[in-house]
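The structure appears below as structure tokens.
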Amino acid sequence: MNAFVSRHLRPLLVLPWLMLVSAPAVSAGDAALQRQAYLAAELAAAKSKAFYLVFDPGAAALDLKIEGVRVHRFALERADFGRTRFSGGERRWPAVSYTLTTEIPEPERPRIEVQKQEDVDKALDEAIKKAIARGKKPAGELPETAGEKVAKQSALEDPDAPLQFELEFDPGLVLVVRGEPAAAGFDDYMRRFGHSLVEGWEGLLLRLGGHEPTPRIVAWLSPQDARRLQKALAPELKLLLYAPPAP
Amino acid sequence: MHDAGDRRMNETTPDDGLPESPPPAPPPALPRWRLVLKRVLVGTAAVMLGALALAWYGGYSYVPVAEVAPAIPDPAAGKSSIKQIEKGLAALQPKGAYVVVDSAENRLRLMRRDEVVLEAIASAGTGAVLVDEATGKTWVFETPRGVRTVLGKKKNPCWRRPDWDYVENGEPLPKDNSDRIDCAALGKYALFLGDGYMIHGTLYERSLGMSVTHGCVRLGAKDLETVWNAAPVGTKVYLY
């Protein structure tokens, strides 16, 4: 029995030890390569003096950066990586650095109403002008400005209204931004169910048309942050995949 | 004998002499409208189930992003060492204080390294458009995005009212340029960012926190003084 153990089982006992010794060495090397690729991409993006995004899968966060300085962190409620059920093989990020290919539409701009002179309180206007001419702050309540009128109009829009948009990046990655409150009620679940149905049909149609649907990240964040992200978009915006320092 | 008797009892043949039982009545026919409704409902359910099955089949399966394997980097892509690249990135970072302006939320942050020195309520551009009907000239009042530098600073600044201010207020353009000077509108300090954009004070502190400006960044008097003291010429200003 002892002879059997020493001849057949001893090599098996060595196997876990070998795995322990070799695995960290390989993964540390890979991690260093990942880190180097990420940093090289970040340095190029930082030198461009344009905004870029850094996606950190570990922290589920999307950072808006410029010149290597993080100006805003979009905290993601949830972020999932998806690919169609047809796709086989390993789930792997397609690349370290991506370039936005989606065209950014020009925002709808409110128009400023030119003030009519007959609406101006002449006495108040004179008093203000006199104070300003003396370099003094005018006394009393100042009349509403054109900017304040525009801001009041914009404030009527609901900042919590859900906002969803898709951004296509090269090489093949789609970032689906879902600015919606956390799924709490029936309506939210139904909306999410609706999203997955539409995605499914789109994927199927693409497949039938001979195209392979690209992998996608679906990121859930607050409607306010989704609006902020939409405003920060610029043509050919870079999206980088963060790689932490090697252990 | 006993078995044979039982078998006989269970048999119902005409030979038993019993009267023939009538054939079972066919089930009553459904009214036509109920038949149509039934077919419509079954059809709708089948279509819906089919659509759901297709959506599932063509759809995406998701996993949390943390579970996805990292991309395979191109070994030839990066020739510099990690330390060299990190050094290059560090060289781009501002050495002293810097300013971050969030136009969407109307906030200004004064930063030093990664620490927030001051978070102030500001006012950024409306993003609105003004059209001069007489000349057809158009202005867009938006705070610029990107990186700028404090190019100059002025205490007790005076503002030379541009044409758009007259157009917006429905006033005629002054004949004398000296009439354009307004020494109250900008508050006590102005930090110049180029192209006419500034960080300055305001007579309208009531509208801080709202997007009301023509592109400049307005601050309250106290916050403006803090930024004035902390941000020398050359300070980086990041606007998004």
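Read the figures in this text as sums done on the coordinates, not as results from a lab. Every value quoted in this text rests on a predicted model; they were computed, and no experiment measured them. All Cβ positions, even for glycine, are placed from backbone atoms using ideal geometry, and neighbour counts span all protein chains on display.
Calculated from DSSP H runs of 4 or more alone, at -39500 (n - 2.57) each and per residue, what is the 222 nm mean residue ellipticity of the protein assembly as shown, nearest 500?
The per-residue figure over the protein assembly as shown is -10500 deg cm²/dmol.
Pick out, in residue order, every one of the chymotrypsin sites (Phe, Trp or Tyr not before Pro) in the stretch A:109-200 that is DSSP loop and has at most 13 other C-beta atoms within 10 Å; say none if there are none.
none
Which of B:Met210, B:Met48, B:Met111 moves most in a GNM of chain B, Cα contacts under 10 Å?
For chain B, modelled as a Gaussian network with Cα springs under 10 Å, the answer is B:Met48.
For B:Lys154, which lysines qualify as cross-link partners when the Cα separation must be under 19 Å and same-chain residues fewer than eight apart are set aside?
Qualifying lysines at Cα under 19 Å: A:Lys136, A:Lys137, B:Lys188, B:Lys222, B:Lys236.
Compare the Cα positions of B:Val217, B:Trp164, A:Ala161 along the charge dipole of the protein assembly as shown (+1 at Cβ of Lys, Arg; -1 at Cβ of Asp, Glu; about the Cα centre) and return the one farthest towards the positive end.
Positive-end residue among those listed: B:Val217.
What FRET efficiency would be calculated for the residue pair A:Ala44, B:Glu205, taking the C-beta separation as r and a Förster radius of 41 Å, to the nearest 0.05?
After rounding, the FRET efficiency stands at 0.45.
Would you look at the GNM of chain B, springs on alpha carbons closer than 10 Å, and say which of B:Pro28, B:Pro73, B:Pro174 moves the most?
In the Gaussian network model the winner is B:Pro28.
Using a simple charge model, +1 on the beta-carbon of Lys and Arg, -1 on the beta-carbon of Asp and Glu, nothing else, what dipole does chain B show about its Cα centre, in debye to the nearest 20?
Approximately 1380 debye in magnitude.
Using the 10 angstrom Cβ neighbour count as an exposure proxy, how do B:Cys216, B:Cys158 rank, fewest first?
The fewest-first ordering by Cβ neighbours comes to B:Cys158, B:Cys216.
How large is ³J(HN,Hα), in whole Hz, for each residue of the stretch B:153-161 in order, when computed from phi with the Karplus curve 6.51 cos²θ - 1.76 cosθ + 1.60 and θ = phi - 60°, using x for Gly and Pro?
Once θ is set to phi - 60°, the couplings for the stretch B:153-161 become 9, 9, 8, 6, x, 10, 10, 9, 4 Hz.
Points 7 angstrom from Cα along the Cβ direction at A:Val120 and A:Arg192: gap in nanometres?
Going by the 7 Å Cα→Cβ label model, 5.6 nm.
For the stretch B:57-166, which trypsin sites (Lys or Arg not before Pro) pass both filters: DSSP loop (anything but H, G, I, E, B) and at most 14 other C-beta atoms within 10 Å?
Filter output for the stretch B:57-166: B:Lys79, B:Lys95, B:Arg113, B:Lys137.
Place +1 on the Cβ of every Lys and Arg and -1 on the Cβ of every Asp and Glu in chain B, take the dipole about the Cα centre, and give the residue among B:Asn229, B:Phe141, B:Val68 whose Cα lies farthest towards its positive end.
Of the options given, the answer is B:Asn229.
How charged is the neighbourhood of B:Ala190? Take every other residue with its Cβ under 15 Å from the Cβ of B:Ala190, and add Lys/Arg as +1 and Asp/Glu as -1.
Result for the local shell: +4.
Compare A:Lys129, A:Lys152, A:Lys49 in a GNM of chain A, Cα atoms joined below 10 Å, and give the one with the largest fluctuation.
A:Lys129
Counting other Cβ atoms within 10 Å, keep those with at most 16, restrict to DSSP loop, and tell me which GluC sites (Glu not before Pro) in the stretch A:162-241 are left.
A:Glu236
Please give the charge dipole size of the protein assembly as shown, origin at the Cα centre, charges +1 on K and R Cβ atoms and -1 on D and E Cβ atoms. Round to the nearest 20 debye.
It comes to approximately 2100 debye.
Quick one: of the DSSP bridges fully inside the protein assembly as shown, what percent are antiparallel, nearest 5?
Looking only at bridges with both residues in the protein assembly as shown, the antiparallel portion is about 75 percent.
Starting from the Cα of B:Glu119, step 7 Å toward the Cβ, then list every residue of the stretch A:60-80 with an amide N under 12 Å from that point.
Only A:73 pass the distance filter.
Output wanted: per-residue J couplings in Hz (rounded whole) for the stretch B:205-211, from phi through Karplus 6.51 cos²θ - 1.76 cosθ + 1.60, θ = phi - 60°, x for Gly and Pro.
5, 4, 9, 5, x, 10, 7
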